[in-house]
Protein chains: 2
Amino acid sequence: MSERSPNNVPESRFEIICQHGSARLGRLFTAHGVFETPIFMPVGTNANVKLMRSDELKKIGAGIILSNAYHVAVRPGLEVIELHGGLHEFMAWSGGILTDSGGFQLFSLKEFRKISDDGVLFVSPYDGSKLFLTPEMSMEIQKVLGSDIVMVLDHCLPIESSYKEALDAMRRTHEWAKRCLKHGVKEQQMLFAIAQGGAFEDLRKASAQFLSQLAFDGFAIGGLSLGEPFEKTLQLTHVTVSELPWEKPRYFMGGGSPKTIIELVTLGVDMFDSVYPTRLARHGGALTSLGRLNIKSARYKKDLSPIDERCDCLVCQNYTRAYIHHLLNRGEALAGMLLTHHNLYYMFKFMEFVRKSIKEGKVEEMRKEVVKTYEERRGNCVDPSTFDVDMSCRRC
Amino acid sequence: MSERSPNNVPESRFEIICQHGSARLGRLFTAHGVFETPIFMPVGTNANVKLMRSDELKKIGAGIILSNAYHVAVRPGLEVIELHGGLHEFMAWSGGILTDSGGFQLFSLKEFRKISDDGVLFVSPYDGSKLFLTPEMSMEIQKVLGSDIVMVLDHCLPIESSYKEALDAMRRTHEWAKRCLKHGVKEQQMLFAIAQGGAFEDLRKASAQFLSQLAFDGFAIGGLSLGEPFEKTLQLTHVTVSELPWEKPRYFMGGGSPKTIIELVTLGVDMFDSVYPTRLARHGGALTSLGRLNIKSARYKKDLSPIDERCDCLVCQNYTRAYIHHLLNRGEALAGMLLTHHNLYYMFKFMEFVRKSIKEGKVEEMRKEVVKTYEERRGNCVDPSTFDVDMSCRRC
């Protein structure tokens with residue numbers, strides 16, 4: 001484990017407490033609290049983490065949640081949020097909020113938008129109404145939302161895009177990043193850039209190098225976890241992270257299974273978001289010390305044990321697998337509520353272990369264990385086509 | 001207010017603390033706690049109150065919940081419940097449980113059953129499997145479930161049935177009641193009879209008289225709240241209650257809107273169950289001191305007030321109408337969770353007021369206020385065709 005050296009002095013709103021290999025234990029100072037990294041951020045696209053009340057979310061250890069500036073600006077609209085005094089007040093969430101800009105919707109809503117160098121024209125699939133989103137406007141929206149961490153508007157591409165497409169999108173992303181930075185955010189907000197570059201190592205490298213020269217508070221790795229092989233995810237993340245400034249937080253967008261997290265922490269990533277644990281929950285999947293279990297499976301019909309023998313969450317203290325199996329079988333939404341509660345609790349505990357492993361210099365041991373746990377249970381998983389990819393539509 | 005007289009001595013497991021007019025303040029002694037009456041019992045047909053965790057249900061003041069022996073016996077099946085040691089343990093509920101026998105399913109599943117004097121043959125609409133339910137078997141099922149209050153198997157009819165049909169069903173109900181009583185339940189369980197008689201006053205009277213002579217722990221008024229005009233509900237309940245023994249609890253099955261409750265409390269009813277507050281919640285409806293509100297309505301889009309200014313529940317302390325309106329608008333299940341929480345909290349507070357009004361001899365004042373509150377807001381309600389009738393399908 002590396003000790004803090006003199007040049008580890010906290011810069012801006014992030015400090016690295018200690019490092020083991022490339023893995024870093026850090027602290028993020030936001031207007032809504034100080035949060036240890038590596039951190040997992042649950043996704044609350046429509047101003048709510050599905051099936052979780054905000055007070056419960058706080059109680060089980062959530063620090064920062066992710067929401068989506070584009071979606072929230074469309075519905076309920078900025079005026080409603082502004083009346084409440086911001087997104088925190090609107091959704092009664094006192095912790096941190098990171099908002100994605102809308103850049104991901106260039107990818108996920110690709111049939112409903114037109115991109116030019118100036119910005120993006122979105123046509124609502126609901127009512128045909130139009131929204132022309134520029135980098136400046138995205139900043140203004142996120143200022144109104146009062147997000148603790150603001151993301152630049154970026155041009156997110158399908159991973160199978162050509163070199164030419166990836167290059168163009170990267171250049172546009174860089175121009176937009178500069179315009180976002182120039183436009184600025186509120187004093188108490190942090191602004192993160194997003195590195196792109198498609199599936200091409202040289203572009204990934206160039207993007208990270210370019211953005212690193214600009215005064216952002218943090219850097220995201222965007223456009224990955226979109227269906228590419230996991231080895232490719234690791235390689236492209238590695239190339240990007242290697243070029244990013246050491247002293248700034250690094251955020252991998254849209255990846256958050258235990259395996260993804262531990263692998264990317266090893267590469268020096270500090271922040272993660274994913275719908276993985278919450279979406280898995282709604283489909284009957286549980287994250288456990290034995291790996292991922294599909295509680296819908298008939299094998300749990302008479303199983304009196306808790307979801308996870310080693311978990312002390314409220315759900316595991318009170319309910320059996322057989323009960324949750326029954327609820328799933330009857331289509332009762334309480335099943336999703338209980339599994340969401342458990343899976344998020346699991347993730348926050350998991351992150352505590354990740355941080356502890358960095359502190360104790362045991363990241364590699366933990367990595368091996370996690371990979372083993374999640375690979376061995378593959379036979380007992382929910383439909384792999386739904387869940388094995390670490391969620392491409394994380395924020396759509 | 002009547003004071004307790006010498007012959008008000010607690011008999012079996014119910015005592016009447018005081019009475020005002022026909023309204024009674026009582027106490028029900030069950031194996032899972034002592035509960036004041038009049039009581040409202042939320043419905044948990046499939047071994048869960050929809051969208052509510054059992055610990056939360058307890059926290060907001062639920063005492064007894066209703067479940068359904070027939071449905072639970074079909075899924076997950078008695079073996080699973082028995083393995084857990086009973087329904088309480090299965091659903092992690094430490095309060096009281098009343099189980100309906102399956103009699104209501106003679107009405108609600110009428111295309112899937114055949115009735116004879118011996119019992120009912122149910123054919124599962126899911127897989128065609130058959131279940132022949134006799135009064136004795138219904139007792140055995142409820143013994144396994146470990147319900148605090150067991151309901152006899154009865155023959156529940158559509159309210160528009162002919163005199164002949166109602167008479168036959170009543171006679172059968174009486175025979176079955178005797179068989180249930182003879183078969184018996186566990187020492188710690190109470191057994192309630194169900195008075196029937198269709199829409200006919202003389203049959204209602206005869207049914208109550210017949211059953212009153214048998215040693216039941218309580219008496220239910222069944223086969224009402226099935227679409228008949230409210231005046232008819234009141235009249236038939238009145239006729240029934242007048243013939244029931246004063247010292248035993250009286251339970252009106254399937255009615256539980258505030259207006260229904262206060263009217264029937266005035267007639268001397270002690271117990272109520274209904275899906276009304278929970279189903280209303282899932283459709284965007286809120287019970288408030290201003291009457292019933294439809295939070296889906298566009299008028300709440302920018303409304304920063306809580307659901308009910310006069311409510312101190314967790315939801316009203318934290319969330320605005322605008323936020324819940326947004327969640328409903330986006331189809332987020334959290335809306336139903338928040339509204340269910342609020343509506344049940346409202347009902348339990350409402351019942352506290354009902355009991356207080358009996359204690360203080362102000363039942364009539366409360367009745368007038370409730371009627372006024374709920375009638376004045378009619379214009380602002382959710383679709384009346386869905387909710388104005390006090391839920392015929394309360395347990396199906």
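The values are calculated or read from the model by the stated rules, or taken from the named source; none is laboratory data. Bear in mind that the values here come from a model prediction, so they are computed numbers and not experimental data. Methodologically, a virtual Cβ is constructed for each residue, glycine included, from the backbone with ideal geometry; neighbour enumeration extends over all protein chains shown. Side chains are part of the model used for accessible areas, which takes the heavy atoms of the whole protein and leaves out ligands, DNA and RNA. Shrake-Rupley method; radii C 1.70, N 1.55, O 1.52, S 1.80 Å.
Name the residues of region B:57-79, by number, that are at least 50 Å² less accessible with every protein chain in place than in the isolated chain; the surface is that of heavy atoms, probe 1.4 Å, without ligands or nucleic acids.
Buried on complex formation: B:R75.
If you count, for every residue in B:316-325, the Cβ atoms of partner chains within 10 Å of its Cβ, what is the mean?
4
Around A:C18, which amide H atoms from residues at least 5 apart in sequence, or from another chain, sit under 5 Å from its own amide H, with H modelled in the peptide plane?
HN-HN under 5 Å from A:C18: A:L25.
Along the charge dipole of region B:255-362, which of B:N329, B:G268, B:S257 sits closest to the positive end, that is, farthest toward it, with unit charges on the beta carbon of Lys, Arg, Asp and Glu (+1, +1, -1, -1)?
It is B:N329.
For the rotation bringing B onto A, which B residue has its Cβ nearest the axis, and at how many Å?
Of all Cβ atoms in B, the one closest to the rotation axis yields B:A333, 3.
Working from Cα positions, state the angle (0 to 90°, nearest 10) between the long axis of helix A:201-212 and the longest principal axis of chain A.
Once rounded, one gets 70 degrees.
Pull up all non-local amide H partners of A:I97: gap of 5 or more, or a different chain, and H-to-H distance under 5 Å with H placed in the peptide plane.
A:I65, A:D148, A:I149
Taking B:K143 as the anchor, which lysines have their alpha carbon closer than 19 Å to its alpha carbon, excluding any fewer than eight residues away along the same chain?
Within reach: B:K178, B:K182, B:K186.
How high is the relative contact order of region B:71-200, in percent, with contacts defined as C-alpha pairs under 8 Å that are six or more residues apart?
26 percent
I need the shape label for region B:299-345. Rule: rounded when a/c is under 1.5, else prolate if a/b > b/c, else oblate, with a, b, c from the alpha carbon gyration tensor.
oblate
Tally the DSSP beta bridges in region A:14-275 and give the antiparallel ones as a percent, rounded to 5.
45 percent
Whole-Hz ³J(HN,Hα) for each residue in region B:326-342, computed from phi via Karplus 6.51 cos²θ - 1.76 cosθ + 1.60 with θ = phi - 60°, x for glycine and proline: what do you get?
Residue by residue, region B:326-342 yields 4, 4, 4, 4, 8, x, 7, 5, 4, 4, x, 5, 5, 5, 4, 4, 5 Hz.
In debye, nearest 20, what is the charge dipole magnitude of chain B about its Cα centre with +1 on Lys and Arg Cβ and -1 on Asp and Glu Cβ, if you could check?
Working: 49 positive and 48 negative charges, 178 e Å.
Dipole about the Cα centre, nearest 20: 860 debye.
When a/c reaches 1.5 or more, the comparison of a/b and b/c decides; with that in mind, is region A:32-147 rounded, prolate or oblate per its Cα gyration tensor?
It comes out prolate by the Cα gyration axes.
Once every DSSP H run of n ≥ 4 in chain A is given -39500 (n - 2.57) and the sum is divided by its residues, what mean residue ellipticity at 222 nm do you get, rounded to the nearest 500 deg cm²/dmol?
Calculated from helices alone, the mean residue ellipticity at 222 nm is -12000 deg cm²/dmol.
Shortest first and in nm with one decimal, please list how far the A:D312 label point sits from its counterparts in the other copies (point 7 Å along Cα→Cβ).
Going from nearest to farthest copy, the values are 3.2 nm.
If packing is taken as the mean number of other Cβ atoms within 10 Å per residue, what is the order of A:333-341, A:112-120, B:52-60, highest first?
A:333-341, B:52-60, A:112-120
Which one of A:G63, B:V43, A:W176 has its Cα pushed farthest toward the positive end of the charge dipole of the protein assembly as shown, where Lys and Arg give +1 and Asp and Glu give -1 at the Cβ?
It is A:W176.
List the distances, in nm and shortest first, from the label point of B:V34 to the matching label points in every other copy, placing each point 7 Å from Cα along the Cα-to-Cβ direction.
Spacings between copies for this position, smallest first, are 5.2 nm.
How far apart are the B:D55 label points across copies, placing each 7 Å from Cα toward Cβ, in nm, shortest first?
1.4
Would you work out what percent of the accessible area of region A:14-275, with all protein chains in place, is carbon or sulfur (probe 1.4 Å)?
That fraction is 53 percent.
So how tilted is helix A:230-243 from the main axis of chain A? Cα-based, degrees 0 to 90, rounded to 10.
40 degrees
Taking every alpha carbon pair in chain A, what does the distance histogram look like in 20 angstrom bins from 0, in percent?
Percent of pairs per bin, in order: 29, 59, 12, 0.
What Rg and what Dmax come out for the protein assembly as shown when only alpha-carbon atoms are used, in angstroms?
30.1, 95
In Å², what does the accessible area per residue of the protein assembly as shown work out to with a 1.4 Å probe?
That works out to 36 Å² for each residue.
So what is the relative contact order for region B:280-386, in percent, with contacts set as C-alpha pairs under 8 Å and at least six apart? All intermediate terms of the calculation are to be shown ahead of the outcome.
Numbers: 130 pairs, mean separation 36.4, N = 107.
That works out to 34 percent.
What does region B:132-273 give for Rg and for Dmax, in Å, if only its C-alpha atoms count?
Looking at region B:132-273, its Cα Rg and Dmax stand at 14.2, 40 Å.
Once phi is turned into ³J(HN,Hα) by the Karplus curve 6.51 cos²θ - 1.76 cosθ + 1.60 with θ = phi - 60°, what whole-Hz value does each residue of region B:183-196 show in order, with x for glycine and proline?
Working through the residues one at a time gives 5, x, 10, 6, 3, 7, 8, 9, 10, 10, 8, 10, 7, 10 Hz.
Please compare each pair in A:K259/B:K50; A:K302/B:K248; B:K58/B:K259; A:K296/A:K349; A:K296/A:K359 to a cut-off of 29 Å on the Cα-Cα distance and tell me which ones are over it.
Over 29 Å Cα-Cα: A:K259/B:K50; A:K302/B:K248; A:K296/A:K359.
Highest first, please rank the peptides A:68-78, B:139-149 by the mean number of other Cβ atoms sitting within 10 Å of their residues. Write out the running numbers ahead of the final one.
On the way: A:68-78: 21.4, B:139-149: 23.7.
Those peptides, ordered most packed to least, come out B:139-149, A:68-78.
Rounded to whole Hz and in sequence order, give me ³J(HN,Hα) for region B:283-295 from the Karplus expression 6.51 cos²θ - 1.76 cosθ + 1.60, θ = phi - 60°, writing x for Gly and Pro.
Working through the residues one at a time gives 9, x, x, 10, 8, 9, 5, 9, x, 8, 10, 9, 5 Hz.
Total accessible area buried between chains A and B, 1.4 Å probe, in Å² to the nearest 100?
Result for this pair: about 3800 Å² buried.
Taking the alpha-carbon centroid of each part, what is the distance from region B:161-190 to region B:305-343 in angstrom?
When both Cα centres are located, 43 Å separates them.
Please list, by residue number, every one of the GluC sites (Glu not before Pro) in region B:158-241 that is coil in DSSP and has at most 16 other beta-carbon atoms within 10 Å.
In loop regions of region B:158-241 (DSSP not H, G, I, E or B), the sparsely surrounded GluC sites (Glu not before Pro) are B:E160, B:E187.
Which whole-number percentage describes the relative contact order of chain A, with Cα contacts under 8 Å and a sequence gap of 6 or more?
Worked out over chain A, it gives 18 percent.
Between the chain alone and the structure with every protein chain in place, find the residues of region A:290-307 that drop at least 10 Å² of accessible area; heavy atoms, 1.4 Å probe.
Those residues are A:K301, A:K302, A:L304.
Please give the Cα centre distance for region A:23-42 versus region A:119-147, rounded to the nearest Å.
28 Å
Can you classify region B:280-386 as rounded, prolate or oblate using the Cα gyration tensor, where a ≥ b ≥ c are the square roots of its eigenvalues, rounded means a/c under 1.5, and otherwise it's prolate if a/b beats b/c and oblate if not?
prolate
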